[in-house]
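J.: Sharing a structure with you now.
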Amino acid sequence: KSEVGYAGKEIALTKLAKSNMTQAELDTCIGFIGLTATIVGIGDDTAGGFNAGASDAVHVLSEGAAPAAGSDFGGATGVTSTVVALFN
């Protein structure tokens, strides 16, 4: 019988969404996730990376506790978070 055990922390893929997200809003959300997890990577929905005031969705890969999904995420008004995938 072969078993795979839990070998590390949880990995979460979180989507942050808001029309024309600003750099300050993104920074607020990333700081909030960073309170309980390590940021592994940040990806954007536009070519060339995050465009302040133009990007509508950002995906954050984090290690540790999954962020709680909801609106006005981390105090950033209008930003909605969704945990797209959770690996544990």
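The values are calculated or read from the model by the stated rules, or taken from the named source; none is laboratory data. What you are looking at is a predicted structure, and each value in this text was computed from that prediction instead of being measured. Every residue, glycine as well, gets a Cβ built from its backbone with ideal geometry; the counts of neighbours run over all protein chains shown.
J.: Which of the residues that make up the stretch 51-67 are assigned to a loop (DSSP other than H, G, I, E, B), in contact with a strand residue (DSSP E or B) (Cβ under 7 Å, 6 or more places away or on another chain) and surrounded by fewer than 16 Cβ atoms within 10 Å (Cβ to Cβ)? Before the answer, list the steps.
T.: In the first step, residues of the stretch 51-67 are kept if they are assigned to a loop (DSSP other than H, G, I, E, B); the result is 51-56, 65-67.
The next check asks that each one be in contact with a strand residue (DSSP E or B) (Cβ under 7 Å, 6 or more places away or on another chain); those that pass are 55-56, 65-67.
Scanning the stretch 51-67 gives ASP56, ALA65.
J.: Among residues belonging to the stretch 70-88 that are at pLDDT 90 or above and in a loop (DSSP other than H, G, I, E, B), point out the one that is surrounded by the fewest Cβ atoms within 10 Å (Cβ to Cβ).
T.: THR77
J.: On to the next question. Could you check how many residues of the stretch 17-36 are closer than 14 Å to GLY70 by Cα and part of a helix (DSSP H, G or I)? Talk me through it step by step, then tell me what you get.
T.: If we filter the stretch 17-36 for residues that are closer than 14 Å to GLY70 by Cα, which is where we start, we get 17-18, 29, 32-33.
From the residues that got through so far, the ones that are part of a helix (DSSP H, G or I) too are 29, 32-33.
So the count comes out to 3.
J.: Still on this structure, I have one more. Go through the stretch 36-51 and give me each residue that's under 16 Å from ALA24 (Cα atoms) and modelled with pLDDT of 90 or more. Spell out how you get there, then give the answer.
T.: Residues of the stretch 36-51 under 16 Å from ALA24 (Cα atoms): 42, 44, 49-51.
ILE42 - this is the single residue of the stretch 36-51 that is under 16 Å from ALA24 (Cα atoms) and modelled with pLDDT of 90 or more.
J.: Under 7 Å by Cβ, and 6 or more places apart or on different chains, what pairs join a residue from the stretch 69-80 that is closer than 14 Å to ALA57 by Cβ with one that is among the basic types (Lys, Arg) and in a loop (DSSP other than H, G, I, E, B)?
T.: Final answer for the pair search is GLY78/LYS18; VAL79/LYS18; THR80/LYS18.
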